[in-house]
Amino acid sequence: MTTARSQRRQVALGLALVLVAAPAAAAGHCAKAGGLPAGWGRDARAGMVRVPAGAVQLGTTQGYADERPAGPPIQLKAFWMDATEVTNAQFAAFVKATGYRTEAEREGGAAVFRVPEGGEITPNGWWHYLKGASWRQPEGPGSSVRGRENQPVVQVTRADAEAYARWLGRSLPSEAQWEYAAKAGRNDTGLDRAPRDAAGKPLANFWQGNFPTLNTREDGYLGRSPVGCFPANRFGLFDTVGNVWEWTRDAYTGPHQPHGNGDPYASVAERAKPLRRDASGVIKGGSFLCAANFCVRYRAAARHPQEINLPTSHVGFRTVRAD
């Protein structure tokens, strides 16, 4: 990697730590150790839930500037969505069937979070580009997904996620689909609060304590958790709060506006062509690194740009399918 590319990755990593989430409501249970949903390999919709048709007003007045609502609510047809983030086991099945090699494997490395040493608290103090890091070795050489088959796959770029989705006849969700599914018909102020129950117990895998040096593990996890360990929302979706960020298929073009960035023609033209390799895509859902002292993006409406070819240890994905 060139010096310029390294610097660009460090900037992207520093930005990518501002996290998002969405509240949950029904009882949760961790995915089975094998990491594959019931019906896998037989049912085209294995592991998915049907999201009913409805409307969503993207954004919130309680968040950052790029989240401000703009334009009328978006009407969505019913669709199917993975109930959980795609697991290591599911991604391994895809790789075994197709021989696919991820961008991290082809490039030779990926970005890994590490608790900073010596009290260093700048972004460059906790993100490291490690040779050999990939979905198979998410924390770099010496790490493995063995025994973690039911955890979300990470170190995947947007192209990697799209390749998996195409293999199953699916796609990545749009930002509107993702946010509609995460809000699950709600529009109350609770969507803008931290994911905790009335007794203060965490309802998601996020960082408790002083980020980035002290994680008290009040939620039971130091890093990524198996999928489905926390309560599902009203649509039956797990982990739309925390654990890992999730790719959408949308480009990040700045604040919400009724017509892209104020120019309808430019907006339509942008949607009609693929993203540039170094462009930013919208990620949603937050991760295990979100902390009260570091960010306030643990909300369904929150959004963040992520360099589409940047594999990291806190970004995964889930897929959608037409009804």
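The values are calculated or read from the model by the stated rules, or taken from the named source; none is laboratory data. Since the structure is predicted, the reported quantities are computational estimates derived from the model, not experimental observations. All Cβ positions, glycine included, derive from the backbone under ideal geometry; neighbour counts span all protein chains shown. Calculation scope for accessible area: heavy atoms of the full protein, side chains included, ligands and nucleic acids excluded. Shrake-Rupley method; radii C 1.70, N 1.55, O 1.52, S 1.80 Å.
Return the residues of the stretch 67-97 that are modelled with pLDDT of 85 or more and assigned to a helix (DSSP H, G or I); say none if nothing qualifies.
Across the stretch 67-97, the qualifying residues are Asn88, Ala89, Gln90, Phe91, Ala92, Ala93, Phe94, Val95, Lys96, Ala97.
Return a yes/no flag: does the stretch 107-117 have any residue that is free of Cβ contacts under 8 Å to residues at least 12 places away in the same chain, open to solvent by 10 Å² or more (accessible area, probe 1.4 Å) and in a loop (DSSP other than H, G, I, E, B).
Yes.
Search the stretch 195-225 for residues being at pLDDT 90 or above and under 26 Å from Ser174 (Cβ atoms), and hand back the single one that is surrounded by the fewest Cβ atoms within 10 Å (Cβ to Cβ).
Leu203
If you take the residues in the stretch 57-66 that are part of a loop (DSSP other than H, G, I, E, B), open to solvent by less than 70 Å² (accessible area, probe 1.4 Å) and not aliphatic (A, V, I, L, M), which one is nearest to Arg186 (Cα to Cα)?
The residue in question is Gln57.
Looking at the stretch 146-159, I want the residues that are among the hydroxyl-bearing types (Ser, Thr, Tyr) and have a partner that is open to solvent by less than 10 Å² (accessible area, probe 1.4 Å) with Cβ atoms under 6 Å, at least 6 apart or on another chain. Which pairs are those?
Thr157/Asn309; Thr157/Pro311
Within the stretch 41-64, work out how many residues are β-branched (Val, Ile, Thr) and within 19 Å of Arg166 (Cβ to Cβ).
Of the residues in the stretch 41-64, 0 are β-branched (Val, Ile, Thr) and within 19 Å of Arg166 (Cβ to Cβ).
Which condition number in (1) open to solvent by 30 Å² or more (accessible area, probe 1.4 Å); (2) at pLDDT below 95 is the one that Gly260 fails?
Result: Gly260 fails condition (1) only.
Conditions tested, residue by residue: (1) in contact with a helix residue (DSSP H, G or I) (Cβ under 7 Å, 6 or more places away or on another chain); (2) within 19 Å of Ala194 (Cα to Cα); (3) open to solvent by less than 10 Å² (accessible area, probe 1.4 Å); (4) basic (Lys, Arg).
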position	(1), (2), (3), (4)
Gly286	no, yes, yes, no
Cys290	no, yes, yes, no
Asn293	no, yes, no, no
Val296	no, yes, no, no
Ala302	yes, yes, yes, no
Leu310	yes, no, yes, no
Ser313	no, no, yes, no
Gly316	no, no, yes, no
Ala322	no, no, no, no
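Any residue in the stretch 169-190 that is modelled with pLDDT of 95 or more and surrounded by fewer than 17 Cβ atoms within 10 Å (Cβ to Cβ)?
yes
Rundown of residues vs (1) among the polar types (S, T, N, Q); (2) in contact with a Phe, Trp or Tyr (Cβ under 8 Å, 6 or more places away or on another chain), yes/no style:
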| position | (1), (2) |
| --- | --- |
| Ala194 | no, yes |
| Asp197 | no, no |
| Gln208 | yes, no |
| Pro212 | no, yes |
| Asp219 | no, yes |
| Gly228 | no, yes |
| Phe238 | no, yes |
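Among the residues of the stretch 123-143, count how many are open to solvent by 50 Å² or more (accessible area, probe 1.4 Å) and either touching a residue at least 60 places away in the same chain (Cβ under 8 Å) or under 21 Å from Thr84 (Cβ atoms) (or both).
Selection size over the stretch 123-143: 5.
Say whether the condition of being touching a Pro at 6+ places or on another chain (Cβ under 8 Å) and among the basic types (Lys, Arg) is met by at least one residue in the stretch 160-183.
No - not one qualifying residue is present in the stretch 160-183.
For Gly228, are the conditions met, namely being open to solvent by 10 Å² or more (accessible area, probe 1.4 Å) and part of a loop (DSSP other than H, G, I, E, B)?
Taking the combined requirement at face value, the residue does not satisfy it.
Mind listing whichever residues of the stretch 283-323 are over 14 Å from Arg224 (Cβ atoms) and polar (S, T, N, Q)?
The answer is Asn293, Gln306, Asn309, Thr319.
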